[in-house]
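These notes concern the structure reproduced below.
The values are calculated or read from the model by the stated rules, or taken from the named source; none is laboratory data. Remember, it's a predicted structure, so these values are computed and weren't measured experimentally. A quick note on method: Cβ atoms are made from the backbone with ideal geometry, for glycine too, and the neighbour counts reach across all protein chains shown.
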Amino acid sequence: MSRRRGEASTPRKRNKKGQEKASTRRFRPRQTWPPGAVPRRRGGSREGDSNGAWRAAAPRSGSVMESEAAARTLPSAGRLSGAARRSRGPLFGRAHGRFGQGSAGGPLPPCSQENADPQKTAFLLRKQWTLYSVTPLYRFSSANLKEYARLLGAFIAAEKQKGLAVEVGVDLDIKVTFSSLPDLRGSDQDQAAMLVQLSSRSSVSPKNSEEKLMWSGWFCCVSGDDLSENVPEDFTCLPLFLANGAESYVAIVGSWFQKTFDCRFCRLAISPLNLTWMAAMWTGCKVEKNASATELVFSVPCLPQPLDISYAIHPEDAKALWDTVQKTPGEITQEEVDLFMDCLYSHFHRHFKIHLSATKLVKVSTAIASAHCDGIIKFLQSKYLIGVLMLLTELAISQIQ
Amino acid sequence: MAVVRPFDKLPALNSATVLLVGSDESLQQKLAEAILKEKKSFKISIHLATSLPLPSERDHLRPRIDLIAFMIDIKSKYSLKNVEASLAHVDASFFLGKVCFLVTGVGRVNYCSVQTNAVWKLGEVYCSPVLYCELELEGIRVATAQRLLRMLQICSGQIPGISALSFGSLIRNSADE
């Protein structure tokens, strides 16, 4: 569209620090860093130790701002793919108290975690995980993982015998493995993450066929001190559960866990408010040069035909905008998140005369991760995996409590 | 005058007027119909507006407004901004009990785009009660209509012994406890 070219993608005068430069196409923050200089910001984690610093570097790549070219309206005939999920769980009170403190700082942007071994967690990346919140498990012990695997395998076989077959056709032998992922935790007080994998082997020729991973799910808890401090003995806190694979297996595995450990699984939905927080936080993280664009997908309500709007922003410009909005490094307030989103909305309104604030934000994808409001997450970088898990653990805990 | 004032016009006998301000017109319509269906002993006229200020050309035809209800949809940040912008066009003496905030959409918290803290703070700053409701459900709509009708009766002075200000402070004190 010719209208978009030549217009600077600068935020409105609401942004205190941004400058309007209609002549250039780039967004320049007022504190223009001298080229090459990289201001260091020390980030402290919530536990008090500093996990690492992240840098705010001004974009100097000279790439043309993509936000005009990439902001596109997609009228779609149907809803978003995979959107036919039930949404459960109120997300009140605690999530707002934590994510949305007015003046006190909220949680930090994800810091790079040097401890997590990228090799071991590589299989978690680039897969779509469905989120559930789990109440504390009673009398769970990580020493008995083999025993649990055997019991779960027997349970699944019994379910199949009962006729609740999950797959019609080839009869599959399902093998269950439980394993522990000790790296995925925030501090030593957290329980180590636990992975459950269901792999199938065709029972017709068990020797020849290979094992195929059918379904995997993992429990984790990252900085879940608020929950683990308050539960009595014998309870293990692993409030976040992520599942990838057929939903029928989630039901079977979930019911086994519920019966064995007296816990409860609940689908974790992410409200648009929390999605804006994630968008702001993940935009602030430093990513390498060819990062994918920051994309926000909105769903417009109350129309005869559902309309989805996808708004893509060049990651460096989004980061530059966020850097001018965020005042204190290491702290994020609700006002800063609101201001960041308002800048994006007003920019969109200026071009398209559509008030995005009246629509519902359903999906946020950045170079770090992508989150959907139905409770679906995809991790894209192992460097920030722990940080994203920390956010999700908070959401899960607030849903439990 | 662009600003809505509470006492610049004479009251009419045995009648009251409520003004509903909100960005969602269909919901306003439904609430207005629910209010009209209620049994009442006085004449009521309901004015609907998407935002203030009200157009000045019909100002002389408009009756005195006894109660303003600002409707905020928790699913849409735009409605909050709209209400905040409209609040500037209301005279300060209106906030002595003649304004209330209706927050709708609270049934589905997964959809919330507005922080409940922000709405609560709005009620605190403007010293007006905040009523949480889910106007899309029939039963709650009827209940809200009844509440509004009762408040309207008090605000238009038809109940002897209670003024809008005393009622407003009564609600706020009971909400604080």
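Would you be able to say whether some residue in segment B:54-69 is outside any strand (DSSP E or B), charged (D, E, K, R) and within 13 Å of the chain's Cα centre (by Cα)?
Looking only at segment B:54-69, we keep the residues that are outside any strand (DSSP E or B), and these are B:54-66.
Those left that are additionally charged (D, E, K, R): B:57-59, B:62, B:64, B:66.
If we keep only those that are within 13 Å of the chain's Cα centre (by Cα) as well, we get B:66.
Yes, some residue in segment B:54-69 is outside any strand (DSSP E or B), charged (D, E, K, R) and within 13 Å of the chain's Cα centre (by Cα).
Kindly establish whether A:Ser223 is hydroxyl-bearing (Ser, Thr, Tyr), touching a Phe, Trp or Tyr at 6+ places or on another chain (Cβ under 9 Å), surrounded by 16 or more Cβ atoms within 10 Å (Cβ to Cβ) and modelled with pLDDT under 90. Please lay out each step first, then the result.
Details: hydroxyl-bearing (Ser, Thr, Tyr): yes; touching a Phe, Trp or Tyr at 6+ places or on another chain (Cβ under 9 Å): no; surrounded by 16 or more Cβ atoms within 10 Å (Cβ to Cβ): yes; modelled with pLDDT under 90: yes.
Judged against the criteria, A:Ser223 is not a match.
How about segment A:322-337: which of its residues are within 21 Å of the chain's Cα centre (by Cα) and among the hydrophobic types (A, V, I, L, M, F, W, C)?
A:Trp322, A:Ile332, A:Val337
Being β-branched (Val, Ile, Thr), out of contact with any helix residue (DSSP H, G or I) (no Cβ under 8 Å at 6 or more places or on another chain) and at the interface with chain A (Cβ under 10 Å from one of its Cβ atoms) narrows it down to one of B:Val114, B:Val109, B:Val125, so name that one.
On the way: B:Val114 fails: out of contact with any helix residue (DSSP H, G or I) (no Cβ under 8 Å at 6 or more places or on another chain); B:Val125 fails: at the interface with chain A (Cβ under 10 Å from one of its Cβ atoms).
Step by step, each of B:Val114, B:Val109, B:Val125 is checked, and only B:Val109 is β-branched (Val, Ile, Thr), out of contact with any helix residue (DSSP H, G or I) (no Cβ under 8 Å at 6 or more places or on another chain) and at the interface with chain A (Cβ under 10 Å from one of its Cβ atoms).
Which numbered condition in (1) outside any helix (DSSP H, G or I); (2) out of contact with any helix residue (DSSP H, G or I) (no Cβ under 8 Å at 6 or more places or on another chain); (3) closer than 27 Å to A:Phe298 by Cβ is the only one that B:Leu27 fails?
Here B:Leu27 clears every test but (1).
Can you tell which of B:Asp24, B:Asp59 is within 14 Å of chain A (Cβ to nearest Cβ) and at pLDDT below 90?
Details: B:Asp59 fails: within 14 Å of chain A (Cβ to nearest Cβ).
The match here is B:Asp24.
Could you list, in sequence order, all residues of segment A:264-274 that are within 9 Å of chain B (Cβ to nearest Cβ) and aliphatic (A, V, I, L, M)?
A:Ala269, A:Ile270, A:Leu273
Give segment A:258-290 a look and list any residue that's assigned to a loop (DSSP other than H, G, I, E, B) and farther than 26 Å from B:Asp73 by Cα, or say none. Talk me through it step by step, then tell me what you get.
At the first step, the residues of segment A:258-290 found to be assigned to a loop (DSSP other than H, G, I, E, B) are A:262-264, A:268-271, A:284-290.
Scanning segment A:258-290 gives A:Asp262, A:Cys263, A:Arg264, A:Gly284, A:Cys285, A:Lys286, A:Val287, A:Glu288, A:Lys289, A:Asn290.
Among the residues of segment A:292-317, what is the count of those that are within 22 Å of the chain's Cα centre (by Cα) and free of Cβ contacts under 8 Å to residues at least 60 places away in the same chain?
Taking segment A:292-317 as the starting set, the residues that turn out to be within 22 Å of the chain's Cα centre (by Cα) are A:292-299, A:308-317.
Now narrow it down to the ones that are free of Cβ contacts under 8 Å to residues at least 60 places away in the same chain: A:315.
Residues that pass the stated criteria total 1.
With the requirement that a residue be surrounded by fewer than 15 Cβ atoms within 10 Å (Cβ to Cβ) and closer than 15 Å to B:Thr17 by Cβ, what does segment B:28-39 give you? Talk me through it step by step, then tell me what you get.
If we filter segment B:28-39 for residues that are surrounded by fewer than 15 Cβ atoms within 10 Å (Cβ to Cβ), which is where we start, we get B:29, B:33, B:36-39.
Result: B:Leu36, single match.
Sort out for me the helices (runs of 4 or more DSSP H) sitting completely within segment A:298-401 that have 2 or more residues that are within 14 Å of chain B (Cβ to nearest Cβ).
Numbers: elements: A:315-325, A:334-352, A:385-400.
Because the criterion is at least 2 residues that are within 14 Å of chain B (Cβ to nearest Cβ), the helices (runs of 4 or more DSSP H) in segment A:298-401 that meet it are A:334-352, A:385-400.
Check off (1) within 17 Å of the chain's Cα centre (by Cα); (2) more than 13 Å from chain A (Cβ to nearest Cβ); (3) on the phi > 0 side of the Ramachandran plot for B:Val130 and give me the number that stays unchecked.
Condition (3) is where B:Val130 drops out.
Please work out which one of (1) in contact with a helix residue (DSSP H, G or I) (Cβ under 7 Å, 6 or more places away or on another chain); (2) more than 24 Å from A:Thr121 (Cβ to Cβ) is the condition A:Ile368 fails and give its number.
Just one mismatch for A:Ile368, condition (2).
Only one of B:Lys37, B:Lys77 is touching a residue at least 12 places away in the same chain (Cβ under 8 Å), away from chain A (no Cβ under 14 Å) and charged (D, E, K, R); which?
Numbers: B:Lys77 fails: away from chain A (no Cβ under 14 Å).
Among B:Lys37, B:Lys77, only B:Lys37 is touching a residue at least 12 places away in the same chain (Cβ under 8 Å), away from chain A (no Cβ under 14 Å) and charged (D, E, K, R).
If I go through segment B:1-42 residue by residue, how many of them are out of contact with any strand residue (DSSP E or B) (no Cβ under 8 Å at 6 or more places or on another chain) and within 24 Å of B:Ile72 (Cβ to Cβ)?
9
Among (1) modelled with pLDDT of 85 or more; (2) surrounded by fewer than 19 Cβ atoms within 10 Å (Cβ to Cβ), where does A:Ala280 come up short?
Of everything listed in (1) modelled with pLDDT of 85 or more; (2) surrounded by fewer than 19 Cβ atoms within 10 Å (Cβ to Cβ), A:Ala280 misses just condition (2).
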